[in-house]
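S.K.: I'd like to ask you about the structure that follows.
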Amino acid sequence: MEQLWLILHWLEEQLENGVSSYQRWQIVAATATLTLAVYTTRNLYHNRQDVWESIRKWSFKMVRTIPSVNRRISERIDEARSEIERAIYKNTGGDSSRVPLMALPPTGWTRDQVLQAASTLLSEGRYEWQDGKMSGGTFSGDNAAYNSLMEQMFGLFALSNPLHADVFPGVMKMEAEIVRMTISLFHGTDNHCGSLTSGGSESILMAVKAMRDWGREVRGIEQAEIVGCVTVHAGFDKAADLLGMKLRKVDMDPKTCKVKLSAMQRAINSNTVMLVASAPQFPHGIIDDVEEIGALGQRYNVPVHVDCCMGGFILPFMEAAGYPLPLFDFRVPGVTSISADTHKYGNAPKGSSVIMYQSAEHRHYQYFVVPDWPGGIYGSPTIPGSRPGGLVAVCWAALLYHGFTGYTQATQKIITTARNIKRLLKDDPSIQVFGDPLASIVAFGSKEVDIYKVGDTLGQHGWHLNFLQYPPGIHICLTTLQVADDFAGRFVHAVKEAIEQVRLEPKGMASLGKLYGTVASIPDKSLVGEAAKVFLTCYYKTETVRRDEETENLGDRDQETAKRI
């Protein structure tokens, strides 16, 4: 100890001798400058990905200000718009002579006319989704009795509106029961609560808003941040953008495809209001280590959200189906909120999801209220004001119709098929299964052939699969439409045949493969974003038809409307 004091005394003398020639204000200024430099360096280290990304974006923005470059980009985007428009209407598979509706008809159509037009539109499309070759597009539809029930339920409540609970108290009760039934699946207690939303994106948005407002009011955080893996659903990007927040994306483990916990821990700072765990994540179907992320949340006192939108009505039944999983729900300490889609494996028609919270305190921050509006006190639990009571009713009916046993039986069939596909794919050395998928999604790539060409080849044979990027791959999302005993064998056989075809004909690439291959080679992702917006714009464009064909099949009065268009 005495020796330590001697060393400290010597250091003190050296420091005093070193600064003796400086004035006090100079010492203070130098100390402040050094402290600021250290603090800035620390921030740059923690934000190094953001800094690098900002530099890249600025560089590409400067390059695009060059007139010749900007002109060339505009020309290519216009070309892409024309190609997309042609592709959309070329591949609808419907009646190309049908005149698009550009204005209201002068007089209303008859019931039969409306139904006939609707049937024509319903028949359009390139894919027969009922045969099981479509990945995750439809989660039910093979049960005629169930389909009839859904139609009747929606008809009964089509004109109801949960906004007016005093007028439609039955719909309000249905909504509350949907939330309570879903909470029970995730081992919630009477203290847990939630809301019904229009889908996974809104459930995610509500959870993010709740944590942003909680951080603002409880902790005084003005620049709230979310931390999640690069594989988190794009709904978190959308929520962060809409709510003025920052989403810090950290790397996934390339072997397991789970979030790197060490990277997540490094990304946590004083502005962090949410950690995200996916169960499972969409690209590869991998379930993050929810228990480990929950422990991180507890250690740093940060709420943890479990995105179970995809697995919401399949993971809770896996143990009963004979496929137990690590904990992923409210039994995990640290988990504050969970999102689960009823319109996926819950088999409810599209337009419903549930967001759940550990306590009413957290849900409190989800609400939106305007107390001083001249029209009265306005408040809504979620994004919409008025909501379709028919969707609440069909969701409620779906849960009652299937029950715990029905969902368990469906889960057992789906997971058995998924495990068989995973096993058969792993037996082929030319195929690389991503991670160890435990749920209903199986993703794979290849180190021997171009997987995008394989996906295009499968598309030419009627398969409609999901293309992935970073790394390149494709995945299949299994539903009850794909649980036949021979489905796993048929699918893997089709994949192997496609791989062999690509080996024999390595040149050439069809639409989707070309798209993803091109996107991967473009360093300026803002261009990719613009191209995507072009597609979304084309989505709302009505098909252009020749004036001499417009009025061919219209009634006398509707012909006059068409001529004025």
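Please treat every number below as a calculation from the coordinates, not as lab data. Computed from a prediction, not measured in an experiment: that's the story for all the values here. Because the Cβ atoms are built from the backbone with ideal geometry, glycine has one as well, and the counts that use them run over all protein chains shown.
S.K.: Taking Cα pairs under 8 Å and at least six residues apart, what relative contact order does the stretch 448-503 come out at, in percent?
M.R.: That works out to 46 percent.
S.K.: For a paramagnetic label modelled at 7 Å from the Cα of residue 173 toward its Cβ, which residues of the stretch 390-404 fall within the zone defined by backbone nitrogen distances under 15 Å?
M.R.: Once the point is set 7 Å along Cα→Cβ of residue 173, 393, 396-397 turn out to lie under 15 Å by backbone N, inside the stretch 390-404.
S.K.: Return the long-range amide H neighbours of residue 312 (sequence gap of 5 or more, or a different chain), with a cut-off of under 5 Å between placed amide H atoms.
M.R.: Excluding prolines and chain starts, which carry no amide H, the hits are 341.
S.K.: Follow-up. Just the Cα atoms of the stretch 264-360, one point each, no solvent: what log10 I(q)/I(0) does Debye give at q = 0.18 Å⁻¹?
M.R.: Calculated log10 I(q)/I(0) at the listed q: -0.83.
S.K.: Here's another thing I want to ask about it. Suppose a student asked you for the relative contact order of the stretch 191-375, using Cα pairs under 8 Å spaced at least 6 residues apart; what percent would you report? Write out the running numbers ahead of the final one.
M.R.: Numbers: 376 pairs, mean separation 52.6, N = 185.
With pairs under 8 Å counted, the relative contact order is 28 percent.
S.K.: Which percent, nearest 5, of DSSP beta bridges in the stretch 191-375 are antiparallel?
M.R.: Working: 10 of 26 bridges.
Here the share of antiparallel DSSP bridges comes out near 40 percent.
S.K.: Please work out the FRET efficiency for the pair residue 102 and residue 26, using the Cβ-Cβ distance as r and a Förster radius of 60 Å; give the result to the nearest 0.05.
M.R.: On the way: r = 76 Å, r/R0 = 1.27.
Using R0 = 60 Å, I get an efficiency of 0.20.
S.K.: While we're here: Near residue 428, within a Cβ-to-Cβ distance under 13 Å, what is the net charge of the other residues, with Lys and Arg +1 and Asp and Glu -1? Write out the running numbers ahead of the final one.
M.R.: Working: positive: 422, 423, 426, 447, 496, 503; negative: 427, 448, 497, 500.
Here the charged neighbours net out to +2.
S.K.: Taking θ = phi - 60°, what integer Hz values does the Karplus form 6.51 cos²θ - 1.76 cosθ + 1.60 yield along the stretch 310-315, in sequence order, with x for Gly and Pro?
M.R.: Calculated HN-Hα couplings, in order: 5, x, x, 10, 9, 4 Hz.
S.K.: Can you pull a Stokes-Einstein diffusion coefficient for the stretch 385-501 at 25 °C (0.890 mPa s), Rh from Kirkwood over Cα pairs, as a whole number of µm²/s? Please list the in-between numbers first.
M.R.: Details: Rh = 15.8 Å.
Rounded to a whole number, D works out at 155 µm²/s.
S.K.: Neighbouring Cβ atoms within 10 Å as the yardstick, rank 214, 396 fewest first.
M.R.: Details: 214 21, 396 25.
Final ranking by Cβ density, sparse to dense: 214, 396.
S.K.: Right, another one. At a Förster distance of 22 Å, what's the computed FRET efficiency of residue 536 paired with residue 230, Cβ-Cβ distance as r, to 0.05? Numbers along the way, then the final one.
M.R.: Details: r = 23 Å, r/R0 = 1.05.
E between residue 536 and residue 230, to the nearest 0.05, is 0.45.
S.K.: What net charge do the residues around residue 387 carry, taking every other residue with its C-beta under 12 Å from that of residue 387, with Lys and Arg at +1 and Asp and Glu at -1? Walk me through the numbers on the way to the answer.
M.R.: Details: positive: none; negative: 175, 202.
Value of the local net charge: -2.
S.K.: Shape verdict for the stretch 191-375, please, from the Cα gyration tensor: rounded (a/c under 1.5), prolate (a/b greater than b/c) or oblate. Present the calculation step by step, with values, prior to reporting the outcome.
M.R.: Values: a/c = 1.66, a/b = 1.16, b/c = 1.43.
Oblate.
S.K.: Follow-up. Taking R0 as 30 Å, what's the FRET efficiency between residue 143 and residue 423 from their Cβ-Cβ distance, rounded to 0.05?
M.R.: On the way: r = 29 Å, r/R0 = 0.95.
My answer for the efficiency is 0.55.
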